[in-house]
Every structure is written in structure tokens, then in C-alpha cells.
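Presented below is the structure to which this report refers.
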Amino acid sequence: MIMPTTSLPDDATSPTPTSDGGWTATSATRPRSLVQARMAREVVCWCASVLVCWSAGVLVTSPVTAQEHKHLSMQEFYLDPTLYEMISPRHEYRVMEGGFPTKNIDSTVDVLSYELWFDWVMALQTARSERPERKTEAKVVMHVRFLDGKPSLTLDARTVIIDSVFVDGAAAEFEKTNSVLEITPSSPFMANDTAVITVHFANASDTRGFYAYSQVEADTLDLLAPIAFTFSQPEDARRWFPCNDKPHDKAVFTVHTRVPTGYTVVSNGTRQDSTADTDTTSWQTWNHPLPMSTYLLCVNASKFHLYDQQYVRDDNSIVPIANYHWLEDQNGQTYSAERSLAEIPNMFAAMEDRFGTYPFETYGHVTVAPIPFGGMEHQSMSTINRRWLMGDIELGYAHELGHQWIGDEVTCATWADIWLNEGGASFSEALWYEAKLGPVGYASVMDARRTRYMRRGLDEPPVYDIPINIIFNEATTYSKSAWVYHMMRRQNGDALFFPALQSYIKKYHLAAAQTADMLALFKEEMPNPPVDWDTFFDQWLVKAGHPVLNGIVSANTIAEGGMYRTRITITPMQSGENLPSDFQFPL
Ligand SMILES: [Zn+2]
């Protein structure tokens with residue numbers, strides 16, 4: 001349902017409906033063409049708060065083209081926040097059948113901690129073609145709490161070779177299938193008990209989840225040193241260690257990694273002591289004491305150089321920022337960490353202003369190559385592609401930093417909710433540019449996101465519950481989702497939206513949330529939205545697509561009693577599978 005504009009020119013009467021579904025308004029004093037132009041501009045102007053596509057543009061008889069109007073009005077819209085903060089609720093309530101969908105989460109098993117040992121010496125020193133089936137030797141010790149009693153524990157485990165399993169120190173029976181490790185102790189796990197599970201295993205893959213490049217591959221790929229690293233999102237942690245590989249189950253991690261002398265290991269949290277075990281190898285330990293999802297764990301090793309930065313708050317408290325990359329990339333002609341990372345402390349200030357206090361004790365970046373992605377928000381230690389050190393991917397750094405709040409501090413509870421993470425991080429790119437460049441900077445990012453979505457918009461599936469094999473869909477998971485955050489901001493106003501967003505982050509601090517959790521909290525925090533919350537979440541997330549509008553603005557040519565009548569006809573044109581026929585939005 002499309003409702004009339006609430007932003008008529010100062011001298012216009014309220015619009016009135018006509019028998020064929022159009023709307024008319026009358027101007028007492030302004031020349032016809034100006035009223036037409038202003039109204040056309042403002043119709044488009046309101047739509048800058050909504051992800052809408054004009055199928056045929058707006059027919060305007062003023063000298064300014066519709067395209068120019070749109071550009072101008074979008075700038076005007078972004079520059080004048082009063083335009084979008086004065087909207088009052090005008091739309092009918094549309095009940096979402098059965099409420100927003102949720103996924104069943106198995107919370108009967110809660111892993112409290114993982115302590116991991118990986119021996120990467122052979123993988124770093126042996127050409128990939130000459131490595132045996134066992135790429136690394138490894139061990140994990142897990143503390144697992146059982147909320148229900150059960151005879152066995154099932155862990156996710158794919159390309160790992162299981163050697164032995166112990167439960168509370170006693171050897172346990174186990175069965176390894178293609179995708180899971182089922183552990184059966186001599187007596188059942190009891191409700192509310194905590195068990196210590198120890199698994200000795202080896203990694204069978206060095207090309208997925210865990211990646212290793214020796215000097216042979218480094219020479220071929222133009223890498224400056226051998227390198228090994230991990231990348232798990234969404235479900236590849238299980239490919240390099242047995243775990244409860246569900247984003248909602250957070251645990252604390254300690255990782256010990258054995259590497260040749262001269263190599264530096266980088267992981268989440270803070271570096272602990274390093275222990276030499278031979279003349280040519282050492283064990284290096286990292287610990288992250290705050291709860292973290294398995295997919296956010298990373299381990300990296302190469303001949304890294306450490307470049308320290310820090311973010312200093314007004315109260316003089318400090319967040320250390322530890323950046324690891326090859327020494328030649330510290331300030332080289334092509335790759336320069338100093339140039340590329342210069343804005344990171346300022347980004348912290350911008351993000352804390354919008355999201356609240358940075359949730360972890362430390363932050364950092366570890367640069368790896370070769371990888372087929374740009375960056376990854378590993379908790380407190382983002383992994384970045386070496387390409388990003390070329391200095392032209394500033395928004396990528398803002399994206400990964402934004403994830404530390406939206407994605408890491410509060411994690412999507414299921415992969416159906418990935419839009420919460422990626423939409424929030426993509427939105428944070430715009431917030432950074434807003435802090436740095438003002439409203440025009442914000443608009444430039446959102447316009448770019450709009451373009452990326454519109455290239456494929458109507459062909460893409462709904463945002464919520466996107467199939468896991470396409471969850472990193474640029475059009476929807478990133479761009480349309482960023483617009484969902486943007487629309488919530490614009491339609492409710494900064495004074496309500498950002499406190500509500502911070503309440504959401506605080507409520508799910510170091511935990512996980514489903515989309516329905518955000519919806520419930522926003523209903524409480526912003527009880528009078530322009531569009532009912534259930535309707536908003538349903539049409540933008542559960543349904544596909546966006547409004548496609550055909551708009552015509554016309555006016556009579558002869559004044560009636562000194563009044564000119566302007567008529568706006570807007571027709572929704574979108575159609576397709578699972579597409580709302582009656583998007584509701586402020587217009
Ligand atoms: Zn992201």
C-alpha cells in the first residue's frame with residue numbers, strides 16, 4: 001500500500017485521493033512548474049530513505065530532468081535530517097503470520113573452552129605436493145557443559161583424522177563419519193555436568209579451512225615468505241579441528257602452535273609466552289579470554305613484522321592495535337601498512353560513538369596471501385588480504401572493525417541471520433565515511449550499496465534464511481542488508497535508532513542473536529515506527545525484492561480560483577515470486 005506524501009510544499013493543501021487511486025494537491029501561490037518540481041523532488045526525496053526503484057522515472061514538466069532531481073534530492077535528503085525525523089505513523093498494521101521465523105538452536109551442549117595444539121613445522125617446510133596425508137599433528141582439550149543428560153557427544157569434524165579420544169581422562173569409544181565425530185564414554189554424560197574431552201587428531205587438508213604454503217609455493221606465487229593460516233566462515237572450522245561448529249556456541253580459546261624458528265604466530269587475543277622446544281622450532285601461544293564463536297578463531301604463521309598502533313580515548317584509556325605483515329610491506333611503494341592503516345584509530349572513535357565501547361582488550365590485523373577474499377573479522381584480529389595494503393580499501397578496514405561489534409560481540413545465532421552481521425558491517429562503512437566526510441560521505445557509501453543491490457535485486461532471494469552456499473551474496477547479504485539498517489535509522493531517526501542499536505549490542509554482549517531477537521528489542525525501544533515493525537521485517541527480510549514504482553507528476557494548466565492543482569500518481573509495479581505487492585514505507 002502506498003500512502004500519500006507527508007512532505008508537501010509549504011503552500012500546498014493536504015493531498016486528497018481521486019477516484020482512480022491518484023492523489024491531488026493544490027498550491028495557492030507558487031507557479032505551477034515550481035510546485036510540480038518541488039513535489040516531484042520531495043517524492044523522490046522521501047524515497048532516499050527507502051530502497052526503491054522508479055521503473056519509469058518521474059514525469060516532470062519543469063526544466064530540470066528527473067534524473068537531476070533525483071540526484072539533487074538525495075543529497076538534500078541526506079543533508080537535512082529533519083526531513084526524515086518528522087514522519088509520523090500513517091500505515092495500517094499488517095500482521096505477519098506466525099511472527100518472524102526462528103530457527104531451533106540446540107543449546108543442550110555448551111562448549112566452555114578450547115585449548116588447541118597444532119604442529120605446523122612440517123607444513124611450512126614441505127612442498128604441498130610432498131606432504132603426507134597427515135598435514136599437521138594436533139590435539140584439542142575442550143570443557144563441555146551438558147544441559148541435558150545424553151549417552152554420547154556429537155562434534156562437527158570433517159577433514160580431520162581422529163587418533164584417540166578421552167573423556168575426563170579415560171579412553172572413550174568414538175566413531176568418525178564424513179561430517180561428525182561421535183564420542184561415547186563408558187558412562188553417559190549427566191545433565192549439568194561438565195566433561196573434559198581430549199581428542200588427538202591430524203589435519204587431512206591444507207587447502208580448505210587450513211592453508212599452508214611452503215617456500216616452493218611461495219616462489220611460485222610471489223609470496224615473500226612461507227605462510228600458513230586458517231579461514232573458517234561459515235563452517236570450515238570443523239575442517240581443521242573437531243568442535244561444536246555453531247555460531248551461537250561461544251567459548252574461550254587458547255592456541256599453541258609449533259613453528260620453525262624465525263616465524264611469528266598470530267591468533268586472537270593476546271600473545272603469551274613462546275617456548276623453544278628444539279634449536280630450530282618453538283611453541284607460540286595466544287589466548288583470547290572472552291567468548292568467541294568457532295568461525296571467528298584464526299591462527300596464522302609467517303615471518304611477520306609487528307607494527308603497533310593504539311587507539312587512545314578521551315579518558316586516556318588505550319586499545320592496543322597490533323598489525324602483522326611482511327617487513328617489506330611496512331612502507332613499501334606498492335604495499336604500505338603505514339598508509340593503509342593510518343585511519344584505524346579514527347575509525348575506533350567513529351565506531352564507539354555509534355556502537356558503544358569497543359568490546360575487546362586488543363585489536364589488530366594480520367595480512368595473509370593468497371586468499372580469494374578481502375578481509376575477515378576474526379575476533380580482535382581481523383585477517384586482511386595483502387591487496388588491502390595497497391592503500392585504496394579504506395572502507396574494508398571500517399567494515400572489519402564494525403564487525404567487532406556487529407558480528408563478533410553480537411554474533412548471528414544461525415547462518416539464516418547472516419544479514420545481521422554483514423548488513424551491520426556494511427552499514428558501518430557508511431558511518432565511518434559520515435564521521436570522516438559528513439553526510440555526503442555517508443550518502444556516497446549508501447548510494448554505492450544501492451547500486452550494487454539494484455544490479456541484481458529482483459533476481460535475488462530474500463535476505464533472511466539465504467541458502468548457506470550463497471550467504472556471502474553481495475547484493476542482498478551485504479548491500480540490501482546495509483539498506484535495512486539505513487532504513488531503520490532514517491525511518492526512526494538517530495535519536496531513537498542508535499540508542500536502540502546500542503541496547504541490542506549490550507543485551508547480546510558476547511552472545512548471539514537471531515533476527516527475531518532484534519525485532520523484539522526494537523519493538524520495545526522504538527514503539528512507534530512509521531511502518532509497523534512486523535511489516536517492516538517481513539517485507540524487507542522474509543520477502544524478496546523492493547518496491548518498483550511508476551510515478552507521474554502532472555498539473556492543470558489553468559488556475560481554478562487562483563489555485564493550481566498538482567496530481568501525483570504512483571503505481572507499484574513490482575511482481576515476482578515471494579515479492580510483496582504492497583510494500584509499506586513513508587512517502
Ligand atoms: Zn563482513
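The table below gives the values:
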read-out	value
Matching option when the condition is over 30 Å from I105 (Cβ atoms) and either in the same structural domain as I161 (by TED's automatic domain parsing) or not small (G, A, S) (or both), among D236, D249, D314	D314
Yes/no for V484 being in contact with an Asp or Glu (Cβ under 6 Å, 6 or more places away or on another chain) and farther than 24 Å from F360 by Cα	no
Hits in the range 200-252 (condition: assigned to a loop (DSSP other than H, G, I, E, B), in contact (Cβ under 8 Å) with a residue 60 or more places away in the chain and open to solvent by 30 Å² or more (accessible area, probe 1.4 Å))	A204, L224, F231, E235, K246, H248
Boolean, I470 is assigned by TED's automatic domain parsing to the domain that holds M351, within 20 Å of L541 (Cα to Cα) and within 16 Å of the ligand (Cβ to nearest atom)	no
D408 vs. criteria at pLDDT 95 or above, among the acidic types (D, E), outside any helix (DSSP H, G or I) and within 14 Å of the ligand (Cβ to nearest atom)	yes
Residues (over 30 Å from the mean Cα position of the chain (by Cα) and loosely packed, with under 15 Cβ neighbours inside 10 Å) located in the range 108-127	A127
Test result for T357, out of contact with any Asp or Glu (no Cβ under 9 Å at 6 or more places or on another chain), at pLDDT 95 or above and away from the ligand (no atom under 14 Å from the Cβ)	yes
Considering residues of the range 183-196 that are in a strand (DSSP E or B) and under 21 Å from S113 (Cβ atoms) only, the residue farthest from the chain's Cα centre (by Cα)	F189
Residue check for N268: open to solvent by 10 Å² or more (accessible area, probe 1.4 Å) and touching a Leu at 6+ places or on another chain (Cβ under 9 Å)	no
All helices (runs of 4 or more DSSP H) inside the range 303-405 with 3 or more residues being farther than 24 Å from S232 by Cβ	337-340, 344-355
Qualifying residue in the range 292-299 (condition: among the small types (G, A, S), away from the ligand (no atom under 16 Å from the Cβ) and either crowded, with 23+ Cβ neighbours inside 10 Å or not assigned by TED's automatic domain parsing to the domain that holds F498 (or both))	no
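Yes or no, residue by residue, for (1) open to solvent by 70 Å² or more (accessible area, probe 1.4 Å); (2) over 36 Å from the mean Cα position of the chain (by Cα):
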position	(1), (2)
E133	yes, no
A138	no, no
D156	no, no
V160	no, no
A172	no, yes
V180	no, no
T198	no, no
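Every residue, every condition in (1) without any contact (Cβ under 8 Å) to a residue 24 or more places away in the chain; (2) polar (S, T, N, Q); (3) within 14 Å of the ligand (Cβ to nearest atom); (4) open to solvent by less than 20 Å² (accessible area, probe 1.4 Å), yes or no:
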residue	(1), (2), (3), (4)
H378	no, no, yes, yes
S382	yes, yes, yes, yes
A413	no, no, no, yes
I418	no, no, yes, yes
F427	no, no, yes, yes
A435	no, no, no, no
S444	yes, yes, no, no
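The values are calculated or read from the model by the stated rules, or taken from the named source; none is laboratory data. What you see is a predicted model; the values in this text were computed from it and never measured. We place every Cβ from the backbone using ideal geometry, glycine too, and count neighbours over all the protein chains shown. Surface areas here come from the heavy atoms of the whole protein model, side chains and all, with no ligands, DNA or RNA. Shrake-Rupley method; radii C 1.70, N 1.55, O 1.52, S 1.80 Å.
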